1. Starting from the stretch 268-284, keep only residues that are in the same structural domain as Thr397 (by TED's automatic domain parsing) and modelled with pLDDT of 95 or more, then list their pairs with residues that are surrounded by fewer than 19 Cβ atoms within 10 Å (Cβ to Cβ) and not in a helix (DSSP H, G or I) whose Cβ atoms are within a distance under 6 Å, requiring at least 6 positions of separation or different chains.
2. Which pairs have Cβ atoms under 6 Å, sit 6 or more apart or on different chains, and link a residue in the stretch 65-87 that is closer than 19 Å to Asp47 by Cβ to one that is of a type in the set (Ser, Thr, Tyr) and in a helix (DSSP H, G or I)?
3. Looking at this structure, is Ala387 in contact (Cβ under 8 Å) with a residue 12 or more places away in the chain and in contact with a Phe, Trp or Tyr (Cβ under 7 Å, 6 or more places away or on another chain)?
4. Taking the stretch 128-167 on its own, how many of its residues are small (Gly, Ala, Ser) and under 21 Å from Glu405 (Cβ atoms)?
5. Would you be able to say whether some residue in the stretch 403-415 is basic (Lys, Arg) and either buried (at least 24 other Cβ atoms within 10 Å of the Cβ) or at pLDDT below 90 (or both)?
6. Could you list, in sequence order, the residues of the stretch 421-438 that are assigned to a helix (DSSP H, G or I) and touching a residue at least 12 places away in the same chain (Cβ under 8 Å)?
7. With over 30 Å from Ile258 (Cα atoms), crowded, with 21+ Cβ neighbours inside 10 Å and without any contact (Cβ under 8 Å) to a residue 40 or more places away in the chain as the only criterion, which of Phe179, Phe186, Phe127 stands out?
8. Kindly check whether there is at least one residue in the stretch 280-291 that is over 30 Å from Val410 (Cβ atoms), assigned to a helix (DSSP H, G or I) and of a type outside the set (D, E, K, R).
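The values are calculated or read from the model by the stated rules, or taken from the named source; none is laboratory data. No experiment lies behind these values; they were computed from the predicted model shown. As a convention, Cβ positions derive from the backbone with ideal geometry for all residues, glycine included, and neighbour counts pool all protein chains shown.
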Amino acid sequence: MSNTPTTAEGATGAPRRSLVPARMDRLPWTRFHWTIVVGLGFSWVLDGLEIQIVASAGFQADLGLTAAQVGYLGTIYLLGQVAGALIFGRMSDTLGRKKLFILTLAIYLVASGLAGLSPNFAFLAVFRFIAGMGIGGEYAAINSAIDEIIPSRYRGRVDIAINGTYWGGAALGSAANLFLLNTDYFAEDVGWRIGFFIGPVLGLIIIYLRRHIPESPRWLMTHGREEEAEATVTDIEKRVEAEGRHLEPVSDDQALEIAGDGRIPFSVIFRTLVKDYPKRTLVAATMMITQSFLYNAIFFTYALVLQNFYGTDPASTQYFFFPFAIGNLLGPLLLGHLFDTWGRRQMIFLTYGVSAVVLAVSAVLFHMDVLSATTQTVFWCVSFFFASAGASSAYLTVSEIFPLELRGQVIGYFFALGQIAGAVAPTLYGALIGDGTDRGPLTFGYFLGAGIMLVGGVIAFVFGVAAERKSLEAITSPLSVVKPRS
């Protein structure tokens with residue numbers, strides 16, 4: 001047996017010993033970690049805000065758009081997210097988390113602001129696509145950085161809570177629409193344009209905070225920049241100790257031996273996903289597809305259901321949306337800690353399963369025509385209280401169960417897969433709703449959504465990884481960790 005160190009690419013080189021992961025995971029929760037949460041986690045608020053601003057279609061009359069063109073804008077934004085996740089996910093793994101979470105936010109800020117100046121559909125479509133690219137890139141870069149910086153015992157609850165704040169942004173956007181689209185306050189050609197500037201104004205504050213967030217020490221460690229990684233961790237430790245917190249020394253037996261510069265060819269990525277970790281790939285794909293399908297099915301058609309089956313006025317839809325958004329926000333915030341204490345697999349199964357059961361019960365009552373618009377919304381709120389925590393855990397799962405060197409692009413791959421699969425749902429459920437005279441097709445649709453979520457929960461429970469309170473390197477060894485070559 002030869003002890004020549006090798007990387008996943010087969011390159012040889014002198015190994016470097018690193019205590020970076022152990023030092024990061026033993027840190028207590030401090031102001032530094034709150035800075036990470038606020039500075040990096042605000043992206044999901046911006047995404048939710050963007051979706052609601054566009055969903056209001058306040059620009060339709062001003063720009064002379066058809067209903068179909070308004071729908072196209074939603075699709076264009078989602079396609080931009082897919083492109084951004086794929087392109088910037090790869091760049092995040094190659095160039096670093098910090099460069100990308102600055103770049104992607106800047107792209108979003110500029111594109112969203114320019115969209116607010118749109119004179120016509122084509123101009124608006126182009127910058128909606130670019131804004132979507134920025135947000136899609138954020139998903140990859142931000143999830144990677146958060147999971148690599150937050151200590152292992154807090155990682156689950158923090159990641160899930162941050163992903164859940166999307167709904168805080170959606171509620172904010174909905175509230176803003178009630179004011180901005182009211183012609184008593186703003187002219188028809190002014191209010192919606194102001195809406196497009198809310199995100200960029202908030203984003204300018206966040207981009208300032210991000211300038212002071214360090215590069216992920218784990219990323220530096222696996223890219224031949226061990227001295228920078230050690231210096232970054234030392235600086236973080238000084239911040240912690242300045243708050244009066246005592247840090248125990250880390251034993252040298254927790255060190256990793258790293259070789260290589262972090263460059264991973266696509267052949268290695270394919271082998272890792274398909275050959276080395278096929279069960280994890282199944283879990284990641286299933287979780288992302290199932291939660292995306294259910295969310296897009298309900299979220300993009302709830303207004304049609306309320307109007308066609310319960311006779312609500314289109315103007316009142318925003319008021320029904322508020323409790324729906326709040327339920328989605330509270331689920332991750334209140335249930336997130338259980339993913340760290342009770343366990344990932346158990347909580348994924350619980351959240352996916354309960355959301356499925358509640359949706360199935362509502363399907364029966366919907367078919368019996370015993371629900372009102374209010375009680376239908378209550379069932380949605382309860383179902384998505386659990387589904388939101390489960391959906392947020394899908395991003396956490398994808399981020400933490402694959403090797404560090406692939407994290408950004410793997411998030412991008414599965415995010416894109418989920419978005420593409422989820423894009424089918426609005427069209428399907430729109431057809432099932434029809435003109436609101438027959439409840440049978442939509443009842444079937446609700447049972448279908450419940451069944452899909454239940455399948456996602458079962459697969460995660462059977463094949464998932466018990467990643468709670470474990471170091472990322474204990475869950476999956478980085479590809480650049482040295483192993484003896486036989």
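1. none
2. Ala85/Tyr139
3. For Ala387, the condition - in contact (Cβ under 8 Å) with a residue 12 or more places away in the chain and in contact with a Phe, Trp or Tyr (Cβ under 7 Å, 6 or more places away or on another chain) - is not met.
4. 7
5. So far as the stretch 403-415 goes, yes, one or more of its residues are basic (Lys, Arg) and either buried (at least 24 other Cβ atoms within 10 Å of the Cβ) or at pLDDT below 90 (or both).
6. Ala421, Gly422, Val424, Ala425, Pro426, Leu428, Tyr429, Gly430, Leu432, Ile433 - these are the residues of the stretch 421-438 that are assigned to a helix (DSSP H, G or I) and touching a residue at least 12 places away in the same chain (Cβ under 8 Å).
7. Going through Phe179, Phe186, Phe127 in turn, just one is over 30 Å from Ile258 (Cα atoms), crowded, with 21+ Cβ neighbours inside 10 Å and without any contact (Cβ under 8 Å) to a residue 40 or more places away in the chain: Phe127.
8. No.
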